[in-house]
Structure formats: C-alpha cells, structure tokens
1. What number goes with the only condition from (1) within 30 Å of ARG251 (Cβ to Cβ); (2) surrounded by 14 or more Cβ atoms within 10 Å (Cβ to Cβ); (3) not polar (S, T, N, Q) that GLU335 does not pass?
2. Please determine, by comparing only the residues of region 688-725 that are over 16 Å from ILE758 (Cβ atoms) and among the aliphatic types (A, V, I, L, M), which one is modelled with the lowest pLDDT.
3. Could you look through region 207-244, keep only residues that are out of contact with any helix residue (DSSP H, G or I) (no Cβ under 9 Å at 6 or more places or on another chain) and at pLDDT 70 or above, and pick out the one that is nearest to GLY316 (Cα to Cα)?
4. Check region 731-748 and report whether any residue there is assigned by TED's automatic domain parsing to the domain that holds CYS569, in contact (Cβ under 8 Å) with a residue 40 or more places away in the chain, more than 23 Å from ASN650 (Cα to Cα) and of a type in the set (Val, Ile, Thr).
5. Just to be sure before I move on: is ILE595 of a type in the set (Val, Ile, Thr) and within 26 Å of ILE553 (Cβ to Cβ) in the structure I sent?
6. Just name the residue that is farthest from PHE454 (Cα to Cα) out of those in region 649-676 that are at pLDDT 90 or above and among the basic types (Lys, Arg).
7. Can you find, within region 486-502, the residue that is modelled with the highest pLDDT among those that are closer than 25 Å to VAL402 by Cβ and in contact with a Leu (Cβ under 7 Å, 6 or more places away or on another chain)?
Amino acid sequence: MKIELLDNIFSKDIFTHRICKIRYSYAFENYLRDKLSLLQKEFNVYTIDNIFGESSKNSANKSKLLDWLFGLAKNLLGLEPTYGMVFTIFFSVADTISFLKMSDLEKLREHLQLKEKPHKKYRKLKNILVIKNCSYLNKEEIKKVHFIKELIKKKYILNTLLIICEPLDLPSNLVVNNDAVYTIELDNDFLNTICGFRVEDNYLKLINVLGIEYAEYITNLDTSTANNNELLVQKFIKDILQKEGYDEDERLLDFLKLCSLLFDVFSYEDIENVSGIKGICCEVELKKSVDSRLIENTVPNEYRFLMEFLRKYYQGHAQFYGSDVKRKILSYLKEKYPSKYTDLALASILASNSDAEKISLCLKSIYYDKKTTAIYKMKQISEYLTQTPYVTLVNIPQLNNVYDTLNYSKTDAKQLCMQSFLGLSDLNFLSSEDKLIGLSSIAKVSYELMPQEFLKKIDELYRKLLRDIRISVTYKNYPSFIFDYLVFSTCIEDSFETTQVVQRLVTYIRKTSLSLEMDIKFSRLGNALFYNDYNEGLTLTKRAYDLSEGYPIERKYSTINYSCSLGMCGEYEEAYKILRKEFNNTFFMKNAVAISATNNYIIISYLSHSKDATWLVNKVSALNKMVDEYEFSDQQIINNNLLAAYIVENTIANSTKIIELSKHMFSIEKDIYHLFFMHHNMMVYYFLSGDLDNFKRERDLYIVPGLLAPYSDFLISKAAFLEENINNNWNVEQLQKQLSQWSECYFEKKYTLYKYPILFGFIERWFE
C-alpha cells in the first residue's frame, strides 16, 4: 500500500527542520513506524529509552570528562561560581528533575554529541531522535524530551533531528513551530485514495483504531455487525487470538479485565499483584496476551494494551466486578504510586465508590500535574469534575481556562468566582488540603477582577484553611499552598492579620529545604514578598533568573520579574538585555507571559532614552489594542502606561485622549493599586496644564496602596512639591530636572522609578 503523503513527509519535508512533529490518525501508526525504521539506513536512530537506558561508555580520561561536565553545568545554569557551588546546584537540579544527572548528560554527549557551549550553526545531520508515540511517555520522559528539544533549539546539540509523533486524538504539550507540524488524517476520501473504496462510518472508526492494514479485513466483516462496536471488537479479538491458537476463555478474560484497571502503562509487579486478587497464574495469561498482541511489551518491564480501544473494552467488562476487587486494585495503586495523581484519579473514576476520593484525586491532578501530564488525560479529569453536582467543581476547569487564556470578558468570570467561592461550603466531604486546591483556582481569577470586600473574604478563608492543615507544623509539606497565599495576600489592603500571617509564612519557607522548582518560585516572588526591602527583592529575583537557566518556562517567568526589579532601580541596560535575550521573537504575542514581557520591554526602552515618546505611544497603543477585549489587572497596568505615554508625548494634543482614558479607567477600576497610578499621573497632567482645582481633586483621591507603603513619605512629599510649584508652568523636561534636584535627599536606588514625573507600571508573573 502506497501512502504518498507519508512518503513525501519522509523524503524531504521533515529534513528542513531540526525539531518537527507528525500528527497522525492511529490507522497509520504501523506504517509510520515502518517509515521511521527505514531512517536507520542513513542515520543513527535513537529513542528516549535507548539513550538514557544504556550504560554510558567509560571515558578514557575521566578528568577531562568531569571538566567538560562542569563546564556544561555552568553554561546550562548560567552561573560562574566555584567548583563546589556548581556541584551543589547541579545536584539540586537533579533532585527536582531526575533526568538532569551527570550520567544523563554524559549519555547525551556520547549519543547526540552534546556540546559544552551553544554554537551559532547546526552541522550535518547524523542522528535522529524519534518519539514514536508521545502519548506513551511518562512524566519523566516528557521532561527529557522538553530538555533535549531546548538543547537542540539553543544549539547545544548540532547534528540531531527530533521527530515527535503524536496521535490526533491524544495531543501532547510538546509544542513545535507550526511550519514543522505535518498531519496525516484518515477520512473516507483519503481511504478511497489509498485503497480504492469507502466504508460506513462505523467501519471507518474501526480502521482508525485497528490500523489501515486491516481495511480489507474490516470490509469483509459480517455487515450485521456494522452498527455494533461491541460485536466488531469481539470479532477482532477472537480473530487475533485464534491466529495464535488461543481462545478467550474465562481466565484470560479476567486477566485482561484486571489489567485494564491498572494505569495505561503497568509493570510485571502490578500484573502479579492484581492477578493474585483472582488467583490467576499471570505468567500463562500474560504470555497469551503478548503473543496475540493484545498487550505489548516494547520496553523492559513496561506493558500496555496494544490499542486504547482494547483497554476500554475490557474496562467496560471490569465494571461488573464487585467493589471489593476494584477497591483492592486502587488501594494497591495508591500505596505503590502515591504521587501519580493523574493516573490515580483516572483509576479512581473506574474503581472507587467514593465520590470524595475521586474528586480529591482529580483536584490534586489539576493542581500538581497540569503542566506535565498529557492533555488528553487532563481533559478526562476536567470532564469528570464538570459532571459532578457541585458548582465549585464544575467551575474549576473553567476558572483555570479563564486565567490561562485571559478570557475574563467572554465568560462571566466574576459570577464564576462568586459561585465557586460560595459553593466551597457544600464540599464538606473534602479535606482542608483539597479545599485549598479549589480555592487557589478561585483566588487567582478573583485577584484580577474582584473588589476588595470579596478578596478579604477569600483571604479570611485562606487563613482558616491554612490553620486547619496546621501550617505552622506542616509547612515543609505544603510550600505550594504557602506561595499561593503569599501571592494572593498582595492584593489585601489594611489587614493586620494578613500581614502577621505573611510574615510567619515567609519565616517558615526560609527554614524549609526547597526543591529547585520551589526555590525558583520563592525567589521569583522577591518583589511581592519583600516590597518593603528593595535589595532583598532584587537579590531574590536575580537568583530566580540565574537558577532557571535550562528551564524554558520558569526562565520566562523569572526574566519578567527580574526585569521589573532592574527597571525599578534604573538598571535599564541589563533589563533590556535579558528581555531581548529571552523574548526577542515572542514580543506582542497574545498570551499573559508575552504581554508581561512586552510591557516591561517597552517601558524600559523608553526610560533608558533609547526610544522617544512617539515610539512609546505607538508601542503601548499596539499592546493596549491587543488586550482591549480583556478585563484584568495587567490590562489596567497597560492602560496606565498608555495614559502616561500620552502625557509625556504631548499634553495638549493628547488632551482628549487623556481625559477619556482616565474616565474609563476610573469607571471600571476598583483596585486601589491601579487607581493610585492613574490619579498620580492625572495629578501630573493637571500640574502641566496649570489647573489647580483639578490637581487638588486628583491629589485628594491619591491614596498610596499597601504594596507601595515603603515609598509613602516620598510620594506624599512629591505631591506637595508639585502643588507648591504648579504656577511655574514647567513642561515635562523642566519638571524632570526640578524633581531630580528636589529628590537628591532620596539617594537610594529604590526611588529611581518614582522620581520620574510620570509613573510607569511593570508587570510581574506571580501566580504561575
């Protein structure tokens, strides 16, 4: 059978890239594997397993190897510390992400010629790393692929092509450039092109799960089964068993039903354990299953059903087991794999009679695994929650989607927050830990949208739930909850209780030995946690930036927050450099991270005097237009920056725009922080216009928020200085000169940003 589209992909298309993805209907999986195997004639072809699973060769010169490894570590981590420091940091990385070990890097060096330093150009293609079906990857393997993808992208690996194969119905979070994505999808038109015939929809579905090689076989099935998927599957199973001389007797059926209640990938130990529940000799039944290819074993001690539809077929039959059998299987899985929340959640949906247990595991899956688990699994988790009778649980996937997509206006996000918060009281069957997980989804959206009164109610519940889990004793177990609350607390104004709790929680965190991931997040929150200590905030955000080298997502977040710290104290050149380095090709993209970076880049470019006021207005206007359909806190910062840009460009020519924008912001904004920036800048606008009455009106509305409390005396004195000099008819440049002279007594670098006549706002990433 000739499949021209597949031939074209492998003859030329994929070789125009160094990272590509092939999305395919399952019908073509075997043909795709055959094509991939042919690559071995010209290239060294590897899988994740045979790179990291093989023992590395002994180096002839171990000292040179160690020198190389330490050199690589320094480059990957972006550090130049002492030998011992590198070693410590290196293994703290390894503790967090298991693939980043000395031995693993040595294997990458051996197989893929990993370089110590990044190069400018790729070299001739010699190696191909193939991910034959990325839905089969476990969490650690996904991390490895992400890591290698980044090494290829940054040109640490120069002669390797990474091919990611992804079933259409099981999308992954392994993203590649759109022009490097190739799709081969089976429909009746394509089937007719390949085979010269069409089939009924039900038969087409079966071809799509069995494989295109079964097309002729399927067309010859009894037409009476055409509309009965159960009979079609039974016929298929019977045929493939008979080819190997087996029958589907009761013991084999029981064995396969038990296996179907395990995770999608299971071990021999798992098989032994569950087989014992029914007294089945697993060796005999496993041999039958593997021989007939109902179950495959392509990796040592890893088993899976050949096709997902087979697993689902047996899961359907396993539902007739008594609750005692299913409970024993689930208890075993929970004891053996306590932190595999997503797989446990999916297993519990099949095997548990307890709604509380299912919901608890689903919440933990979303909270702990969302970034690393396969998309299709997370979709199943979300679907289960939306089918529950509890409004909070139904809303949690929606709230997470609102936050991730900035979709605050298209959905009634405020109503979702209120409903979900009130609905938490109906979840008495959940632990305080699980309620904290649910509250985190509500809090991060409420932070962007809701008035202070509502936020204080969330704050009160947060503190109660933290007391319930005895955070003063258990803090080492719950750093994520602490971080969630610390970030949320920054929106609470004038609360002595909140301030006291925050101080205690920061103390707990500082006494805790954190994983690298948690350490980066803590350091990234430097400006939020230590808003009263500029030096501490700067030190911590720089630390986050340094530690996050080699971790693309955390690196982006850390860059944004570090650029804010640098911009606040006038270190514009360094801030500009790191933003260009990490976001050069991704400014003005429509996602929260890129928007944050773009805002900071624009403001820093202007404050460094590399760009003029007209450029500033054009860029902020473009960014504002991008987020205009949204309504969230970052948008308000951008609105304030546009207002500031109009004022510094031309107060007279932009007068109408300035007045209209300020009125709009005043009508929609309730957050004292954003209102402060708006009133400050309008106060300066009326100063430049010589309008004393309106100046006083804005000054009276000028309330310094809690986050800026350390600057309160300076900002109040600045307002008084402006009022005293309003009749001098200074323009922006003259005012800047006078303010510089007036503020000489405020010599600390932390005042640098606030010494400008107009105040610009930076954006940070805290909740992620």
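The values are calculated or read from the model by the stated rules, or taken from the named source; none is laboratory data. Values in this document were obtained by computation on a predicted structure and should not be read as measured data. Quick reminder, even Gly has a Cβ in these numbers, built from the backbone with ideal geometry, and neighbours come from all protein chains shown.
1. Unmet condition: (2).
2. Within region 688-725, the match that is modelled with the lowest pLDDT is LEU707.
3. LYS238
4. No; the residues of region 731-748 include none that is assigned by TED's automatic domain parsing to the domain that holds CYS569, in contact (Cβ under 8 Å) with a residue 40 or more places away in the chain, more than 23 Å from ASN650 (Cα to Cα) and of a type in the set (Val, Ile, Thr).
5. yes
6. Once the filter is applied, the top-ranked residue is LYS657.
7. The residue in question is LEU486.
Here's the yes/no breakdown for (1) modelled with pLDDT under 90; (2) touching a Phe, Trp or Tyr at 6+ places or on another chain (Cβ under 9 Å); (3) crowded, with 24+ Cβ neighbours inside 10 Å; (4) more than 25 Å from PHE147 (Cα to Cα):
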| site | (1), (2), (3), (4) |
| --- | --- |
| GLU549 | yes, no, no, no |
| ILE553 | yes, no, no, no |
| TYR562 | no, yes, yes, no |
| LEU566 | no, yes, yes, yes |
| TYR572 | no, no, no, yes |
| ILE578 | no, yes, no, no |
| PHE588 | yes, no, no, yes |
| ASN591 | yes, no, no, no |
| SER596 | no, yes, yes, no |
